[in-house]
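Single-structure report; data block below.
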Amino acid sequence: MRDLKVSVIQCELIWEEPAENRQQIQHLLATLPADSDLIILPEMFTTGFSMNALANAEPPGGPTEVWLRRIAHDRQCAVAGSIAVRVEDAVYNRLLFVTPEAGYHYDKRHLFRMGGEHKRYRFGDQRVVVPWRDWRVNLQICYDLRFPVFSRNRGDYDLILYVANWPEVRRHHWRQLLIARAIENQACVIGVNRIGRDGNGLDYSGDSLVVAADGELLLDMEQRPGTGTVTLNGDALQGYRE
């Protein structure tokens, strides 16, 4: 099983300004290693966690997806992050996972009812695991982290991604649950969160983490803006499972 070099982007998000968010992320991409296998962006990275769903939603294959495909093609890597996507009369909080050859998506299953997300978005009902460079990657979003049965490893994934807008007031839960998911599932875990204050006045501390299957922190972004890169060791993961 080959190694996988992963890069995370932890940044502030400009409220409901997709073009400006894409532009600032484009600048951050230039600081990443050219050989990253996977680049991960936060939840709703074009708008912040806005409940103005219809106004912010893009159609499938819209400008942000086109932009992600260009990044994947130019850098020969996979890139992942969630945006609001409208399909007919429904809007989904959709995690896009784009490679140079293909595109996958996961629609958030557990909507954050305390924030009214269930009133503006439709929940997904599919478990999505995608193949990428010898790794099987389970796609999940933010509040999904609180549902361990939904995250249970059935022997079908090696890495689980959580992209998030997770408020600072619950940062301890975020950090501890990411580590727990790694240990209980014997899988690597990556959680990518935003920083700064959103349009609702909520503060975000970041705390983006990359966790080995035994719970060791391989990368801790703490509250720093910017990027981080770490290599996941495939042989070490297999050896630990054995």
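The values are calculated or read from the model by the stated rules, or taken from the named source; none is laboratory data. Quick caveat: nothing in here was measured; it's all calculated off a predicted structure. Cβ atoms come from the backbone with ideal geometry, glycine included; neighbour counts cover every protein chain shown. The protein model used for the area step is the full one, side chains on, heavy atoms only, and it has no ligands, DNA or RNA in it. Shrake-Rupley method; radii C 1.70, N 1.55, O 1.52, S 1.80 Å.
Points worth noting:
- Conditions (1) touching a residue at least 40 places away in the same chain (Cβ under 8 Å); (2) out of contact with any Phe, Trp or Tyr (no Cβ under 9 Å at 6 or more places or on another chain); (3) surrounded by fewer than 19 Cβ atoms within 10 Å (Cβ to Cβ); number of the one not met by residue 87: (1)
- Within the range 210-242, considering residues that are open to solvent by 70 Å² or more (accessible area, probe 1.4 Å) and of a type in the set (Asp, Glu), the one nearest to residue 33 (Cα to Cα): 222
- Candidate set from the range 19-35 (those that are under 15 Å from residue 225 (Cβ atoms) and part of a helix (DSSP H, G or I)); member that is most open to solvent (accessible area, probe 1.4 Å): 27
- When residues in the range 56-72 are screened for being open to solvent by less than 10 Å² (accessible area, probe 1.4 Å) and not β-branched (Val, Ile, Thr), 3 of them pass.
- Number of positions in the range 153-162 that are surrounded by 13 or more Cβ atoms within 10 Å (Cβ to Cβ) and either of a type in the set (D, E, K, R) or not in a loop (DSSP other than H, G, I, E, B) (or both): 5
- Of all residue pairs spaced 6 or more apart or on separate chains, those with beta-carbon atoms under 8 Å, a first member in the range 127-144 that is closer than 15 Å to residue 92 by Cβ and a second member that is among the small types (Gly, Ala, Ser) and outside any strand (DSSP E or B) are 140/151; 144/151.
- Residue match in the range 169-190 (condition: assigned to a loop (DSSP other than H, G, I, E, B), open to solvent by less than 10 Å² (accessible area, probe 1.4 Å) and within 24 Å of residue 46 (Cβ to Cβ)): no
- Identity of the residue in the range 68-107, closer than 20 Å to residue 15 by Cβ and of a type in the set (Lys, Arg), that ends up farthest from the chain's Cα centre (by Cα): 86
- Residue within the range 56-69 that is assigned to a helix (DSSP H, G or I) and without any contact (Cβ under 8 Å) to a residue 12 or more places away in the chain present: yes
- Any pair with Cβ under 9 angstrom, 6 or more apart, that starts in the range 213-224 at a residue that is on the phi < 0 side of the Ramachandran plot and ends at one that is part of a loop (DSSP other than H, G, I, E, B) and open to solvent by 60 Å² or more (accessible area, probe 1.4 Å): 213/186; 214/186
- Flag if residue 193 is crowded, with 17+ Cβ neighbours inside 10 Å and touching a Pro at 6+ places or on another chain (Cβ under 8 Å): yes
- In the set (1) of a type outside the set (Val, Ile, Thr); (2) part of a loop (DSSP other than H, G, I, E, B); (3) under 28 Å from residue 118 (Cβ atoms); (4) out of contact with any Asp or Glu (no Cβ under 8 Å at 6 or more places or on another chain), the condition left unmet by residue 80 is number (2).
- In the range 127-152, residue least open to solvent (accessible area, probe 1.4 Å) [restricted to those that are within 26 Å of residue 9 (Cβ to Cβ) and part of a loop (DSSP other than H, G, I, E, B)]: 151
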